[in-house]
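These notes concern the structure reproduced below.
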Amino acid sequence: MNYIKVTFCILFALSVSRYIPHPPNFTSLLALSFYIPAFFGRKYIPAVIISLSITDLFIGFHSTILFTWGSVLLIGLLTKYYNKSLLIRIFGALSGAVLFFIITNFGVWSIGSYEYTTEGLLKCYILALPFFGHSLISTMLFSVLIETIYKFYNYKKNYFNSLK
């Protein structure tokens with residue numbers, strides 16, 4: 001697949017999951033942030049961030065956008081350490097959700113939404129736990145979906161190649 005086709009597929013998948021009604025933080029973003037670079041290579045990390053920025057244009061920019069985009073970049077860069085097997089990839093995607101939670105909520109705290117104290121930082125993370133639950137569940141579900149599609153695609157490709 002060429003870069004433009006993959007970028008449009010990412011944009012479509014991300015847009016659908018962000019625009020249809022869903023619980024907060026229940027999107028394909030974290031799974032795509034992990035799996036696109038894992039399956040297609042690091043050169044596709046900008047495609048994920050561009051797709052995220054396009055959907056943010058319609059949803060609205062926010063004060064922690066650099067933390068969000070930065071965590072997506074970091075998740076994509078870390079995929080090379082988690083690309084050995086299916087279980088390690090799932091663990092890597094879930095680790096990405098943890099990383100996203102830590103980075104973005106630090107961003108929320110750092111812009112002054114909570115007191116600049118240890119208690120304020122702790123309160124920020126505690127109040128974000130329900131959102132984190134949604135992120136973990138959606139990352140797991142989208143990861144399983146992506147893994148299934150990937151396995152089916154490879155099976156189909158290998159099957160038809162064996163017939164030639």
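Our coupling estimate for the stretch 123-134, obtained by passing each phi through the Karplus curve with A = 6.51, B = -1.76, C = 1.60 and θ = phi - 60°, is 4, 4, 5, 5, 5, 8, 4, x, 5, 5, x, 4 Hz, Gly and Pro reported as x. Quick one: among LEU78, LEU122, LEU30, which has the greatest mean-square fluctuation in a GNM of the chain with alpha-carbon springs under 10 angstrom? Greatest mean-square fluctuation among the candidates belongs to LEU122. Could you pull out the chymotrypsin sites (Phe, Trp or Tyr not before Pro) across the stretch 1-88 that fall in loop regions by DSSP (anything but H, G, I, E, B) with no more than 13 other Cβ atoms inside 10 Å? Filter output for the stretch 1-88: PHE61. Take every pair of alpha-carbon atoms less than 8 Å apart whose residues are at least six positions apart; their mean separation over the length of the chain yields a relative contact order of 27 percent. When you filter the trypsin sites (Lys or Arg not before Pro) in the stretch 27-112 for DSSP loop state and at most 13 other Cβ atoms inside 10 Å of their Cβ, you are left with LYS84.
Put simply, the Cα atoms of the chain extend 66, 32, 28 Å along their principal axes, the longest span coming first.
Scalar couplings 3J(HN,Hα) for the stretch 2-16, obtained by applying the Karplus form with A = 6.51, B = -1.76, C = 1.60 to θ = phi - 60°, are 8, 4, 5, 5, 5, 4, 5, 5, 4, 4, 4, 4, 5, 4, 4 Hz; x denotes Gly and Pro.
Please work out how many pairs of lysine residues in the chain are eight or more positions apart (or on different chains) and have Cα atoms closer than 28 angstrom. Final tally of qualifying lysine pairs is 20.
Of the chymotrypsin sites (Phe, Trp or Tyr not before Pro) found in the stretch 90-132, those that fall in a DSSP loop while having at most 15 other beta-carbon atoms within 10 Å are TYR116. Residues considered: LEU121, LEU11, LEU57. Largest GNM mean-square fluctuation over the chain, using C-alpha springs under 10 Å, is found at LEU57.
Values quoted throughout were computed directly from the atomic coordinates according to the rules given, and no laboratory measurement underlies them. For clarity, every value in this text was computed on a predicted model and none was experimentally measured. Using ideal geometry, Cβ is built from the backbone for each residue, glycine included, and neighbour counts are taken over all protein chains shown.
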